[in-house]
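Just below is one structure, and these are the notes that go with it.
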Amino acid sequence: MTKISVALCTYNGEKFIHQQIDSILNQTLKVDEIVVCDDGSTDKTHQILSEYQKKFPEIFKIHINEKNLRSVKNFEKAISLCTGEIIFLSDQDDIWEEVKVETFIHYFSEYPQINAICSNGTFINSDGNFIDHLSIWSVPQLLKDQKIMVDYFNIIAFIENIATGAGMAFRSSIKNNILPIPIKEGFHHDEWIALVTSYRKSFIMIDEKLFKYRIHDDQQVGGVSYNNNETTRKRLTNHFNLFSEEKTFSQYKKFLKRLSQSYYKHQALLSEKGNINTEISQEILKRSKELFDLHRKSMKKKFPFKFFVLSTADIFSKKRTIK
């Protein structure tokens, strides 16, 4: 049997942690261990975790950080402490559908070449009520519906991250490829794992909705939900189609800014000691420059006056520049 771990990070999560943990314990396919790294909670989170550990001592491994690590390094610690063959990531405020683990393990068994999987999900509010929003995790299916090829690496590296830790699991065999997780502004652990595995063609997203993602005021990372209508679907399809010829001026602006940010982020990563993924950063630098030049020319041709004004402003703002 495959040993299954959950890397669960907490910080002042007393309000929703019961629902999150109960949904993990109530899976149709049981997990073997839940590794919890608490980042210095000051509410009743420690007490709640201790109660679970007393009740399920063979499952819970609880670690209280001596100092606040923040999200990325806290997840890095939790991942490093997991001993299972498959590691699920978990936030503290969501709810897993009861077949989540079973479904993921089925995909890992069916596709041995795949090392990381991210699923779709639904949305709930603070009270647990359903929110009818369209998710960023639906993007691959939206593209497929329009017969547009899905290249996960291109999307994550050059457009926007579409993988969220709440819906992610991966094989422990890739630990050495993803750890340590770099500390860069705007870089999260889930994006890093998806980037590394998609570069090696070992990442997929599945359209099954296997978790309920809670939208509330205290969450650390959001930006994954949109109004559920046809206009939004078309906009997302166009936005995530790397070579779409129907981009608006606003979409060109955003895309060029993203390419510029990606370029300088990975340029900085290349200078860091201990970076074991220099090949990925070098490839992103090369392709970012090529895509930047290509889309800048298209933007100039399609919106000449607006392009001139924006280019003049960018000389000073440096928002869309690659040297």
How many residues of segment 114-132 are surrounded by fewer than 17 Cβ atoms within 10 Å (Cβ to Cβ) and touching a Phe, Trp or Tyr at 6+ places or on another chain (Cβ under 6 Å)? The answer is 1
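Among residues belonging to segment 289-323 that are part of a loop (DSSP other than H, G, I, E, B) and of a type outside the set (Lys, Arg), point out the one that is farthest from Asn154 (Cα to Cα). Lay out the reasoning, then the answer.
Keep residues of segment 289-323 that are part of a loop (DSSP other than H, G, I, E, B), which gives 303, 318-323.
Narrowing the set further to residues that are of a type outside the set (Lys, Arg) leaves 303, 321-322.
Values: Phe303: 25, Thr321: 20, Ile322: 18 Å.
Step by step, filter segment 289-323, then rank; the result is Phe303.
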Pairing a residue in segment 36-60 that is at positive phi with any residue that is surrounded by fewer than 16 Cβ atoms within 10 Å (Cβ to Cβ) and assigned to a strand (DSSP E or B), where Cβ atoms lie under 8 Å and the two sit 6 or more apart in sequence or on different chains, gives Gly40/Ile64
With the first residue restricted to segment 1-29 and required to be at pLDDT below 95, and the second required to be not aliphatic (A, V, I, L, M), Cβ contacts under 9 Å at 6 or more apart or on different chains are Met1/Asp32
In segment 131-149, anything in contact (Cβ under 8 Å) with a residue 40 or more places away in the chain and either under 15 Å from the mean Cα position of the chain (by Cα) or outside any helix (DSSP H, G or I) (or both) is listed as Ile131, Asp132, His133, Leu134, Ser135, Ile136, Trp137, Ser138, Val139, Pro140, Gln146, Ile148
Matching residues in segment 268-301 (more than 18 Å from Ile178 (Cα to Cα) and either aliphatic (A, V, I, L, M) or touching a helix residue (DSSP H, G or I) at 6+ places or on another chain (Cβ under 8 Å) (or both)) number 12
The lone condition Gly128 fails out of (1) in a strand (DSSP E or B); (2) closer than 29 Å to Asn229 by Cα is (1)
Has segment 176-183 got at least one residue that is under 15 Å from the mean Cα position of the chain (by Cα), closer than 18 Å to Ile105 by Cβ and not β-branched (Val, Ile, Thr)?
-> no
Exactly one of Phe249, Phe243, Phe211, Phe203 is among the aromatic types (Phe, Trp, Tyr), touching a helix residue (DSSP H, G or I) at 6+ places or on another chain (Cβ under 7 Å) and over 29 Å from Gln19 (Cα atoms), and that residue is Phe249
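Yes/no per residue for (1) surrounded by fewer than 17 Cβ atoms within 10 Å (Cβ to Cβ); (2) closer than 23 Å to Lys323 by Cα; (3) modelled with pLDDT of 90 or more:
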position	(1), (2), (3)
Asp217	yes, no, no
Asn229	yes, no, yes
Thr237	no, no, yes
Glu246	yes, no, no
Phe249	yes, yes, yes
Lys254	yes, yes, yes
Arg258	no, yes, yes
Tyr263	no, yes, yes
Lys55 vs (1) out of contact with any strand residue (DSSP E or B) (no Cβ under 9 Å at 6 or more places or on another chain); (2) at pLDDT 95 or above; (3) closer than 30 Å to Ser109 by Cβ: all pass except (3)
Query raised in the report: Yes or no: Gln251 free of Cβ contacts under 8 Å to residues at least 24 places away in the same chain and either of a type outside the set (A, V, I, L, M) or assigned to a helix (DSSP H, G or I) (or both)?
Result: yes
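Against the definition (among the hydroxyl-bearing types (Ser, Thr, Tyr) and part of a helix (DSSP H, G or I)), how does Tyr226 come out, yes or no? Working first, answer last.
Working: among the hydroxyl-bearing types (Ser, Thr, Tyr): yes; part of a helix (DSSP H, G or I): no.
Spelling it out, it is not the case that Tyr226 is among the hydroxyl-bearing types (Ser, Thr, Tyr) and part of a helix (DSSP H, G or I).
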Filtering segment 1-55 for residues that are surrounded by 19 or more Cβ atoms within 10 Å (Cβ to Cβ) and hydroxyl-bearing (Ser, Thr, Tyr) leaves a count of 6
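The values are calculated or read from the model by the stated rules, or taken from the named source; none is laboratory data. All of these numbers come straight from a predicted model, not from anything done at the bench. FYI the Cβ positions are ideal-geometry reconstructions off the backbone, even for glycines, and counts take in every protein chain you see.
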